[in-house]
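Peer 1: Starting off with a structure, shown below.
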Amino acid sequence: MIVVMKSDATAAEIAAVISKAEQMGASTHPIYGADHTVIALVGDMTRVERSVFDAMAGVLKTVRIQEPYKLAGRTSHPHQTVIDVGGVKIGGQDVVVMAGPCSVESREQILEVAHMVKEAGATVLRGGAFKPRTSPYSFQGLGEKGLQYLAEAREQTGLPIITEVMREEQVQMVAEYADILQIGARNMQNYGLLQAVGKVQKPVMLKRGISGEIKELLMCAEYILSNGNYNVMLCERGIRTYETATRNTFDLNAIPVLHRASHLPVVADPSHGTGDWELIPDMSKAAVAAGADALIVEVHQNPDNALSDGDQSLKPERFAQLMADLRRVAAAVDRSIATLPTERETSVNGRVAALA
Ligand code: PEP
Ligand code: MN
């Protein structure tokens, strides 16, 4: 249920609604909008009576939320969520391009490719330090060393970094280095991990599970949101179907379907979506045309020798060409490709500001 407060409701009236809902056993999630404050009530609703709130001072109306994803859905939060990552805004007018290698392989490798993707116009650097590999004998990532190299790449370039966290006990450590925590496809339904990232105040990119329905992806986002972290973005990265021509089937439908259902920013990952570098430019352009708020693309300076996902990694020159093409596609759908904010635009305490 949501309680919509009148536009002139006082802080005391809002606090009274919150306290009443909590007394009745619900958890409360206030959303402070430009016009109205809306309080979403979730959790155990058995003792919550709508009429009690309708009668309270400052309340405009109460509305039942039909969809099961109460915080991720648009009913409780009609306006688009925009996530600010050190001045890079994800979910707004500009399309953010995140790029970098599948894995951080060495200090030299990540520093070099970080400069290359920045040069081409990426505004977030990706790189895995903890890698979920199909085989336990494949390269598993450099662990904390990899995170340190990523942090050094951020210092040199000013690019915020996104990296995967695989286990609950790693959340604190990864959150100390990363600007965005990535939850991988294999962990979409790792509820303990989702709760743990819900308790830190770092943006999270939640990837759709290999056989995850869109409804399940939204319910998984709900685990993060209901723990208090509202900075969640959803990532379409391809699903397993009967088709074997590509590694996965990139579900372009998911982009507008997620936008219709949810206010959370939508990221498209054409690298894992296709598994084939030759298909990445076309699917990246299609994703931007379909309304993606961000792309995450694997780029490697020497894909033939990459320790993971070389087949689906663009060489830096091809990535630079793609960026030029994306600018035109974005313009055709009345958007722009995001650029790195200048020092003046970033918050005083933002990391990018300190480094710019
Ligand atoms: C990755 O981003 O490198 C990755 C492992 O992605 P996914 O979880 O989508 O397979
Ligand atoms: Mn990968």
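Peer 1: Less than 22 Å apart at the alpha-carbon level, and either on another chain or at least 8 residues along: which lysines does that give for K6?
Peer 2: Partners within reach: K20, K61, K70.
Peer 1: Ok, one more. Could you work out which residue, out of Y149, Y191, Y32, moves most in a Gaussian network model of the chain, that is, has the largest mean-square fluctuation with Cα springs under 10 Å?
Peer 2: Maximum among the listed residues: Y32.
Peer 1: A follow-up question, please. Pairs of alpha-carbon atoms within less than 8 angstrom and 6+ residues apart define the contacts here; what relative contact order does region 155-259 have, in percent?
Peer 2: 21 percent
Peer 1: Using modelled backbone amide H atoms (1.01 Å from N, in-plane), which distant-in-sequence or interchain residues come within less than 5 Å of V85's amide H?
Peer 2: When sequence neighbours closer than 5 places are left aside, the close amide H contacts are I90.
Peer 1: Which of the aspartates and glutamates could a cross-linker bridge to K202, judged by Cα under 13 Å and excluding same-chain residues fewer than eight apart?
Peer 2: Leaving aside aspartates and glutamates fewer than 8 places away in the same chain, those within reach of K202 are D84, E164, E176, D179.
Peer 1: So, one more: Using just the helices of the chain, give the 222 nm mean residue ellipticity in deg cm²/dmol: DSSP H runs with n ≥ 4 each add -39,500 (n - 2.57), and the total is spread over all residues, rounded to 500.
Peer 2: Result for the chain: -9500 deg cm²/dmol, rounded to the nearest 500.
Peer 1: Given a 1.4 angstrom probe, I'd like the percentage of the accessible area of the chain that is carbon and sulfur, rounded to a whole number.
Peer 2: 49 percent
Peer 1: For region 160-218, what class follows from the C-alpha gyration tensor (a ≥ b ≥ c being the square roots of its eigenvalues): rounded when a/c is under 1.5, otherwise prolate if a/b is larger than b/c, else oblate?
Peer 2: Prolate.
Peer 1: Note the full-extension length gain between A245 and A15 as 0.36 nm times their separation in residues minus their Cα-Cα distance, in nm to one decimal.
Peer 2: Full-extension gain reported as 77.2 nm.
Peer 1: Ok, one more. For helix 214-225, report the angle its Cα long axis makes with the longest principal axis of the Cα atoms of the chain; keep it between 0 and 90° and round to the nearest 10°.
Peer 2: It is inclined by approximately 70 degrees.
Peer 1: Compute the acute angle (0 to 90°) between the alpha-carbon long axis of helix 11-23 and the principal axis of greatest extent of the alpha-carbon atoms of the chain; round to the nearest 10°.
Peer 2: Relative to the chain, helix 11-23 is tipped by roughly 90 degrees.
Peer 1: For R260 and V52, FRET efficiency with R0 = 30 Å and r from the beta-carbon atoms, rounded to 0.05?
Peer 2: 0.40
Peer 1: Compute from the Cα atoms of region 2-63 the Rg and the Dmax, the latter being the longest Cα-Cα distance, and quote both in angstrom.
Peer 2: 10.4, 31
Peer 1: I want to verify a result. In a Gaussian network model of the chain, Cα cutoff 10 Å, which of these has the top mean-square fluctuation: E119, E49, E152?
Peer 2: The residue with the greatest mean-square fluctuation here is E49.
Peer 1: Provide the gained length on full extension for the span S211 to H115, in nm with one decimal, where the gain is 0.36 nm per separating residue minus the Cα-Cα distance.
Peer 2: Residue separation times 0.36 nm, minus the Cα-Cα distance, leaves 31.1 nm.
Peer 1: Separate question: Please compute the modelled spin-label separation between D35 and D325, points set 7 Å along Cα→Cβ, answer in nm with one decimal.
Peer 2: 4.2 nm
Peer 1: For the chain, take every pair of Cα atoms, bin their distances at 10 Å starting from 0, and report each bin as a whole percent.
Peer 2: Final binned percentages: 6, 25, 33, 22, 10, 4, 0.
Peer 1: Tilt of helix 316-332 relative to the longest C-alpha principal axis of the chain, in degrees (0 to 90, nearest 10)?
Peer 2: Helix 316-332 sits roughly 40 degrees off the main axis of the chain.
Peer 1: Can I ask one more? Under 1.5 on a/c is rounded, so check that first for region 241-327, then, if it is not, pick prolate when a/b is larger than b/c and oblate when it is not; a ≥ b ≥ c are the square roots of the alpha carbon gyration tensor eigenvalues.
Peer 2: Judged from the Cα gyration tensor, region 241-327 comes out oblate (a/c at least 1.5, b/c at or above a/b).
Peer 1: Now, a different point. Build a GNM of the chain with springs between Cα atoms under 10 Å: which of Q93, Q148, Q23 gets the top mean-square fluctuation?
Peer 2: Comparing Q93, Q148, Q23 in the GNM, the peak value goes to Q23.
The values are calculated or read from the model by the stated rules, or taken from the named source; none is laboratory data. Keep in mind that this is a model prediction, so the values were computed, not measured. FYI the Cβ positions are ideal-geometry reconstructions off the backbone, even for glycines, and counts take in every protein chain you see. Quick note on the areas: whole protein, heavy atoms, side chains included, nothing else; ligands and nucleic acids left out. Shrake-Rupley method; radii C 1.70, N 1.55, O 1.52, S 1.80 Å.
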